[in-house]
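Reading through the structure tokens given below for one structure.
The values are calculated or read from the model by the stated rules, or taken from the named source; none is laboratory data. None of the values given here were measured: they were computed from a predicted structure. So basically every Cβ, Gly included, is an ideal-geometry build from the backbone, and we count neighbours across all protein chains shown.
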Amino acid sequence: MANPQAASGRGHGEDVVAAIVASAHGEPRTRHLDAAPLPSRDAVIEVTQLLRELMFPGYFGKLHLETAGLVHHIGALVASVRGELYEQVRAALHHHATEGGTTGPDVASIAADVVDRFIEAIPAIRATLATDVQAAFDGDPAASSTDEIIFSYPGVLAVTVYRLAHELHVLGVPLVPRIMTEYAHSLTGVDIHPGATIGGSFFIDHGTGVVIGETTIIGEHVRLYQGVTLGALSTRGGQTLRGAKRHPTIEDGVIIYSGASILGGETVIGRGAIVASNVFVTRSVPAETRVSARNPELQYRDRQRRELKQEEPIDWNI
């Protein structure tokens, strides 16, 4: 005997499917049909993980590497990266060309050239990452070794993925670099746009809540703490602001403490400046300047309501 509820459910399900299909046909912004294939997010993440192995051999993926086997291991990794990254770059370039209404570019040869140039840049990226790891170790007395930093620091993971994605961004690859940095964002809470320009010896301590916008420029030996925003002063212009310098410039040796917001494309934080916690900066700061909000008046009393003197700290560690 047929189950009336099951039959009713089947009928209702068919109605729902028809409604969803109709909404897909009616709303092109939330569907991708009869168009050039998009890159695979899962495949891009897999390539990112392989690249992390290339950045730090012996830490991720195959462990217990020996010097004698390094050439074979690196060769196999490069071959895997080359093949998988090529497919994703080709898909991204083809999609970008068709979305723009052009069909002329030979995306296959362009993708092959881009991937070759990217792989050639890997030694330089590794050299810069070595300075980032050292900056993290030098700047954090809680770190016991650079091994600990490479394995576990979210800021180093976010910066590693950013440096790889930035190289692809510079090479003109659409979509793929942003997928990479948003993957790192989901793991670490650190949101770095691949278009940002960041010098060596860069350290993000703790990490969570850091935002670095697309047109940010950061010099050498800069340190950020959690919750820092390097953002645009206003985004009311939307797409009309595309390509404009909207985010600040941070010069060499700057330290920016937790919760600070530095906004605006014309804002420059001068060399060696220190920006204290929870300040809101929208204009340039001279070199070797300390920027802080006026401290609130705090009152300390014992249980008999007698006021206690509290010395203010000269400086602080986080």
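Here are a few things to note about the model shown:
- ASP252, sole failed condition from (1) out of contact with any Pro (no Cβ under 9 Å at 6 or more places or on another chain); (2) assigned by TED's automatic domain parsing to the domain that holds PRO286; (3) crowded, with 22+ Cβ neighbours inside 10 Å: (3)
- Complete set of residues in the range 246-280 that are without any contact (Cβ under 8 Å) to a residue 24 or more places away in the chain and over 15 Å from ARG223 (Cβ atoms): GLU266, VAL268, GLY270, ASN278, VAL279, PHE280
- Residue in the range 91-114 that is under 22 Å from the mean Cα position of the chain (by Cα) and of a type in the set (Ser, Thr, Tyr) present: no
- Scanning the range 48-64 for residues that are surrounded by 15 or more Cβ atoms within 10 Å (Cβ to Cβ), without any contact (Cβ under 8 Å) to a residue 60 or more places away in the chain and aliphatic (A, V, I, L, M) yields one hit, LEU50.
Each row is one residue, and each column tells you yes or no for (1) modelled with pLDDT of 95 or more; (2) more than 18 Å from the chain's Cα centre (by Cα); (3) outside any loop (DSSP other than H, G, I, E, B); (4) assigned by TED's automatic domain parsing to the domain that holds GLU148.
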position	(1), (2), (3), (4)
GLU182	yes, no, yes, yes
GLY195	yes, no, no, no
THR215	yes, no, no, no
GLY227	yes, no, no, no
THR235	no, yes, no, no
THR240	no, yes, yes, no
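- Some residue of the range 124-139 being crowded, with 17+ Cβ neighbours inside 10 Å, closer than 25 Å to ARG90 by Cβ, touching a residue at least 24 places away in the same chain (Cβ under 8 Å) and over 14 Å from the mean Cα position of the chain (by Cα): yes
- Filter result (part of a loop (DSSP other than H, G, I, E, B) and at pLDDT below 95) within the range 6-53: GLU27, ARG31, HIS32, LEU33, ASP34, ALA35, ALA36, PRO37, LEU38
- Test: VAL107 is surrounded by 17 or more Cβ atoms within 10 Å (Cβ to Cβ), at pLDDT below 95 and not acidic (Asp, Glu): yes
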